[in-house]
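Chemist: Submitted below is the structure of interest, expressed as structure tokens.
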């Protein structure tokens, strides 16, 4: 008989995805809630048409409004990390699945009656917010794991420090190269950028990298170097090749570390871009929702 202690259970919970939290507890809740609302919608009077002004429409509208406001509190909830039933993981899982459910409930509330008005704008903003939320859920289920695999035991600052640690021995080795090659290596050290703007980190983190150019040049020179022409030049030629090989090795190490740091910055930028879209959409939705509610009760 296999016994599972509380420590094992806690470890399993830590590694469980927020999408699978509690055995898909909130997915089941969202499906059940949507099914109940669909039943209410189907059982309501269709004369002359189903819309938000019916008794069922008002009930579904109030339910959708309460859910939207409740789900919007996730940003505040993130600042209070706790365990138990309402841990951050549980709250996020509920936010994702009930967020999709609230769109279905809102469509049922409207009776699928649309026009050029504030009510339709509210539905459109809700749809865009939910869509951005789904994209964010996918991103947060994939990107953090890739970030962890990429950085290993290093933080973002430690990755940058690892790049800078190569600079001193690289400068020293480059002094024995020709003036043009030494200038190329110096440019690789001085002009390389690790972190740029958000979109620069996403679209082209390695474009025109001075370190990559210097490494490519060193490799081309190694390929061009032909066999030794004379015994008297052998020692000098071997020494030059040894210096070039050391510089190439250091540049390769620097390039690998740069790639690691840039991937980390790229993953973070992807998450930032999602927030830049989802957060304004959420506030826009809340504003439109207030206008929608006020206009409905003012005209009632």
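Chemist: Of all the helices (runs of 4 or more DSSP H) wholly in region 186-300, which have at least 1 residues that are assigned by TED's automatic domain parsing to the domain that holds residue 167 and modelled with pLDDT of 85 or more?
Modeler: Once the helices (runs of 4 or more DSSP H) in region 186-300 are filtered for at least 1 residues that are assigned by TED's automatic domain parsing to the domain that holds residue 167 and modelled with pLDDT of 85 or more, what remains is 210-224, 234-299.
Chemist: Further, regarding this structure: Give region 113-131 a look and list any residue that's part of a helix (DSSP H, G or I) and either over 15 Å from residue 103 (Cβ atoms) or at pLDDT below 90 (or both), or say none.
Modeler: Those that are part of a helix (DSSP H, G or I) and either over 15 Å from residue 103 (Cβ atoms) or at pLDDT below 90 (or both): 118, 119, 120.
Chemist: Being part of a helix (DSSP H, G or I) and touching a residue at least 60 places away in the same chain (Cβ under 8 Å) is the filter; apply it to region 160-180 and report the residue that is surrounded by the fewest Cβ atoms within 10 Å (Cβ to Cβ).
Modeler: Among those residues, the one meeting the criterion is 169.
Chemist: May I ask you to verify whether residue 118 is over 18 Å from residue 278 (Cα atoms), surrounded by 13 or more Cβ atoms within 10 Å (Cβ to Cβ), assigned by TED's automatic domain parsing to the domain that holds residue 59 and touching a residue at least 60 places away in the same chain (Cβ under 8 Å)?
Modeler: yes
Chemist: Further, regarding this structure: Tell me whether region 134-144 contains one or more residues that are out of contact with any strand residue (DSSP E or B) (no Cβ under 7 Å at 6 or more places or on another chain), in contact (Cβ under 8 Å) with a residue 60 or more places away in the chain, farther than 30 Å from residue 214 by Cβ and not in a helix (DSSP H, G or I).
Modeler: no
Chemist: If I ask for residues that are out of contact with any helix residue (DSSP H, G or I) (no Cβ under 6 Å at 6 or more places or on another chain) and in a helix (DSSP H, G or I), which ones from region 147-159 would you list?
Modeler: Matches in region 147-159: 148, 149, 157, 158.
The values are calculated or read from the model by the stated rules, or taken from the named source; none is laboratory data. Keep in mind that what you see is a predicted model, and the values were worked out from it rather than measured. No Cβ is skipped: glycine too gets one built from the backbone with ideal geometry, and neighbour counts run over all protein chains shown.
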